[in-house]
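Note sheet for the following structure.
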Amino acid sequence: MNLLTLLRVELLKIRRSKIFWILLIPAVMMWLPSAMNADINFVMNTYEVAPEYNYFIQGYMGMAWFMIPATLMICAVLLNQTEKSNHGLLKCLALPVSAAGMCLAKFLVMIVLTFVQLLLSIGTYYASAVLASEIHGYSFVLPFAYVCRAASRIYLAALPTAAVYWMLSILISTPIFSMGLGLASIVPSVLMLNTKVWYCYPMDYPFYILMTEYGKLAPEVFDTQIQLMPMLPIAAVLTVACLAIACIRYGKAERS
Amino acid sequence: MKILFVETRKIKRTGYIPAFLGGGLLAGLVPAVNMAVRAETFATQPGSPFSILMDANWQLMAQLNILLLVCGVCILYHTEYEENAIQKAETLPLTPFRLYLGKLGILLFSCLLPLCLEAVSLLLCCIHWFPGHPETGTLLLKGMGFELVMMLPAAAAMLVISSMCRNMWTCLGIGVILVFMSSMLPSGNQVLALFPFSAPYQMLHRCSDSQVLLLPAICAGEVLLFCMAEAAYHKIRRYFS
Amino acid sequence: MSDNIIETTNLTKSYGDFTAVSHLNLHIRKGSVYGFLGPNGAGKSTTMKMFLGLTSPTEGSFHIEQRTYPRDRVAILKDIGSFIEAPAFYGNLTGEENLEIIRRILDLPKSAVADALELVGLSQHKNKLAKRYSLGMKQRLGLAGALIGHPPILILDEPTNGLDPVGIHEIRTLVRSLPQKYDCTVLVSSHLLPEVELMADDIGILNHGNLLFEGTLQELESHAESQGLPTYNLEETFLAMIDADNQNRGERG
């Protein structure tokens with residue numbers, strides 16, 4: 001059975017699971033207050049970045065630091081819980097399909113969900129930017145290509161984080177603990193970003209990418225270019241290692 | 001007292017104690033790691049070591065503490081709802097409000113665990129990076145006592161939310177959103193700073209003389225308010241069910 | 001070549017000091033209904049889980065259609081329809097959607113879902129969410145998941161649990177008819193002898209992981225007679241057999 005068929009099966013499993021709301025709520029929560037307080041971009045803007053760019057960067061900061069990793073963690077745990085709550089996984093393991101294949105297909109579902117949130121975050125950004133423009137009589141709307149490119153990079157950088165959380169949710173079977181550990185791992189990401197080995201901490205990646213975007217507008221704040229070395233190889237190794245561990249451990253409890 | 005004993009029994013094998021222990025250790029690591037990687041930045045700063053360490057780390061440590069609190073509360077009420085044990089509890093001569101108070105008592109004691117671990121970590125950092133400051137121990141004790149009081153409104157509020165949500169995920173989701181929103185609130189606003197999920201970010205050495213008594217008093221008032229809300233919720237629920 | 005579709009040789013499963021299944025030698029004939037009988041915790045589910053590759057043996061081996069794990073896992077599972085322990089399903093999906101998942105994995109024609117639902121009498125409730133099903137309906141959904149695509153081997157672990165007397169009768173009749181209807185072999189477990197008596201051609205009695213008896217019902221009767229156990233009622237025979245084994249263990253212990 002190929003991965004695509006398995007992906008279709010896995011997507012079918014999350015029907016009516018309310019995951020969509022988990023993707024939408026953070027995006028709305030992030031952008032609605034931003035629209036209300038958009039005027040702070042005129043006053044609290046130390047580096048004199050154009051208010052519309054400041055609005056975009058500040059809004060996505062909350063997303064990149066907390067909301068994206070938190071959403072990924074919640075999705076990972078929920079995807080696992082859908083299998084466990086009524087022994088669905090036990091049934092699937094007794095079917096002619098490889099556990100590793102199922103595990104990878106589920107991770108693909110996570111990627112699909114990440115992509116959906118990317119679209120939702122862009123959509124809600126535009127809605128809030130239009131609203132802010134109406135309220136304050138100043139256009140906060142940025143070009144579509146710029147927004148898409150910047151947001152896509154942030155979400156792309158979140159993929160290694162997704163792999164780490166996917167592994168965590170499989171290794172720690174009690175949902176509240178995997179969730180707690182995942183959420184706790186988000187908190188020190190800003191601290192870690194200030195260390196020399198920030199690239200070893202995947203939870204930093206989305207925030208780092210956003211900060212380089214900020215750096216392009218205010219070079220005194222942060223790097224202006226993404227340091228692909230050594231981030232890229234380390235991210236790749238971490239992603240593959242986490243997925244390999246996840247595949248090996250997937251369904252082990254049910255098979256013991 | 002009996003309810004506290006009963007509640008202690010209920011948390012057996014739920015992983016509640018290891019969670020608080022692990023959470024405390026994790027938060028305790030924050031100042032150690034921060035000092036280890038940026039020692040020169042902090043060691044040269046003016047002021048007492050306690051204030052320097054708190055200013056540099058407490059934001060993160062407090063956030064970890066609140067997240068731990070949210071998870072802990074979820075575990076406490078999840079044991080009631082998971083296998084419908086709450087139904088049995090409701091058929092016993094025991095009011096749901098006493099159940100709430102018992103859980104609040106448990107939370108009060110369990111918050112001490114991470115705070116003690118964090119105090120030990122801060123003390124060790126002081127001894128290692130800022131030698132020759134004997135007053136730090138007393139400051140730490142006072143500071144951690146203050147933080148315990150600051151955490152109580154969040155504990156009481158989370159317990160009210162948790163007692164209302166049969167589904168642990170709903171409770172956890174609300175908790176995480178509140179933690180996130182509180183971290184986004186502007187720090188200068190005195191009123192917003194006393195929002196239950198913002199209060200744990202307050203630091204004793206940053207308080208004026210009048211605030212040292214006022215803030216704990218307001219927190220105690222908030223706890224009382226949440227207790228009243230819980231009692232009222234059960235009365236209303238009974239009326240409608 | 002033997003006509004046994006499943007055969008085990010000294011099959012053993014231990015968890016630390018506890019032996020769940022001990023040196024089991026089962027012989028399940030092709031086209032038969034094999035009743036796997038034993039009290040709770042006798043090792044029936046563990047044996048069935050080994051047949052499904054859900055747990056691996058500590059010692060011994062077994063063959064299903066001359067194939068074995070882990071080498072032929074996918075090939076074996078393609079031929080087995082299973083229903084293990086509590087019904088397994090996705091609560092957020094309807095009964096029909098739950099079967100659709102299995103259909104896609106097994107690569108069966110679309111009609112297989114409706115056919116399975118019809119077979120267990122769930123057609124009317126196919127659009128209802130599985131989490132809203134009654135216990136009996138969940139049990140039927142689990143059975144439909146096992147029967148879908150008419151696999152040549154069926155492994156059913158206590159399939160009548162939670163069903164009302166009418167449901168028990170229906171499922172019993174269905175299981176009994178399966179070998180003739182679909183040319184399949186059924187391994188069905190239960191802790192109730194009267195139930196197995198009405199369904200099975202052969203029975204295997206398990207207690208504390210040990211096989212106490214294997215054969216036809218007539219053979220059980222003569223075996224009991226030779227052991228001086230009561231034979232006027234098969235349930236009494238079964239209980240006496242288990243009791244004698246427990247006492248024997250107690251003495252040895």
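The values are calculated or read from the model by the stated rules, or taken from the named source; none is laboratory data. These figures come from a predicted structure and were not determined experimentally. Note that each Cβ is placed from the backbone with ideal geometry, even for glycine, and that neighbours are counted across all protein chains shown. With ligands, DNA and RNA removed, areas are computed over all heavy atoms of the protein, side chains included. Shrake-Rupley method; radii C 1.70, N 1.55, O 1.52, S 1.80 Å.
Can you name every residue in the range A:30-64 that is under 20 Å from A:P219 (Cα atoms), within 14 Å of another protein chain (Cβ to nearest Cβ) and at pLDDT 85 or above? Residues satisfying the conditions are A:Q58, A:G59, A:Y60, A:M61, A:A64.
When B:P153, B:P200 are checked against the criterion of being within 14 Å of chain A (Cβ to nearest Cβ) and buried (at least 21 other Cβ atoms within 10 Å of the Cβ), B:P200 stands alone in meeting it.
Only one of the listed residues (B:S162, B:S182, B:S210) is in a helix (DSSP H, G or I), of a type in the set (S, T, Y) and free of Cβ contacts under 8 Å to residues at least 40 places away in the same chain. That residue is B:S210. Taking the criterion of being hydrophobic (A, V, I, L, M, F, W, C), part of a helix (DSSP H, G or I) and open to solvent by 10 Å² or more (accessible area, probe 1.4 Å), the residues of the range A:158-175 that qualify are A:L159, A:V164, A:M167, A:L168, A:I170, A:L171. Within the option set C:G204, C:G209, C:G149, C:G142, being touching a Gly at 6+ places or on another chain (Cβ under 6 Å) and buried (at least 18 other Cβ atoms within 10 Å of the Cβ) holds for one residue only, C:G209. Being outside any helix (DSSP H, G or I) and either touching a residue at least 60 places away in the same chain (Cβ under 8 Å) or open to solvent by 20 Å² or more (accessible area, probe 1.4 Å) (or both) is the requirement here; does C:L239 meet it? Against the criterion (outside any helix (DSSP H, G or I) and either touching a residue at least 60 places away in the same chain (Cβ under 8 Å) or open to solvent by 20 Å² or more (accessible area, probe 1.4 Å) (or both)), C:L239 does not qualify.
When the test is whether a residue is modelled with pLDDT under 90 and either within 20 Å of the chain's Cα centre (by Cα) or among the aromatic types (F, W, Y) (or both), C:V74 passes it. With respect to A:V112, determine if the residue is away from every other protein chain (no Cβ under 14 Å), open to solvent by 50 Å² or more (accessible area, probe 1.4 Å) and of a type in the set (V, I, T). For A:V112, the condition - away from every other protein chain (no Cβ under 14 Å), open to solvent by 50 Å² or more (accessible area, probe 1.4 Å) and of a type in the set (V, I, T) - is met. Scan the range A:177-193 and give yes if some residue there is within 14 Å of chain B (Cβ to nearest Cβ) and part of a loop (DSSP other than H, G, I, E, B), otherwise no. Yes; the residues of the range A:177-193 include at least one that is within 14 Å of chain B (Cβ to nearest Cβ) and part of a loop (DSSP other than H, G, I, E, B). The strands (runs of 3 or more DSSP E) falling completely within the range C:1-98 that include 2 or more residues that are surrounded by fewer than 22 Cβ atoms within 10 Å (Cβ to Cβ) map to C:4-15, C:18-24, C:27-29, C:59-64. Taking the criterion of being within 12 Å of chain A (Cβ to nearest Cβ) and either of a type in the set (A, V, I, L, M) or touching a residue at least 24 places away in the same chain (Cβ under 8 Å) (or both), the residues of the range B:5-27 that qualify are B:T14, B:G15, B:Y16, B:A19, B:F20, B:G23, B:G24, B:L25, B:L26, B:A27. Take A:G101 and decide whether it is modelled with pLDDT under 90, within 11 Å of chain C (Cβ to nearest Cβ) and either under 30 Å from C:S56 (Cβ atoms) or touching a strand residue (DSSP E or B) at 6+ places or on another chain (Cβ under 9 Å) (or both). It is false that A:G101 is modelled with pLDDT under 90, within 11 Å of chain C (Cβ to nearest Cβ) and either under 30 Å from C:S56 (Cβ atoms) or touching a strand residue (DSSP E or B) at 6+ places or on another chain (Cβ under 9 Å) (or both).
Considering only the range A:1-26, state which residues are in a loop (DSSP other than H, G, I, E, B) and within 10 Å of chain C (Cβ to nearest Cβ).
A:M1, A:I14, A:R15, A:R16, A:S17, A:K18
Every listed requirement among (1) open to solvent by 10 Å² or more (accessible area, probe 1.4 Å); (2) in a helix (DSSP H, G or I) is met by A:S139 save one, (2).
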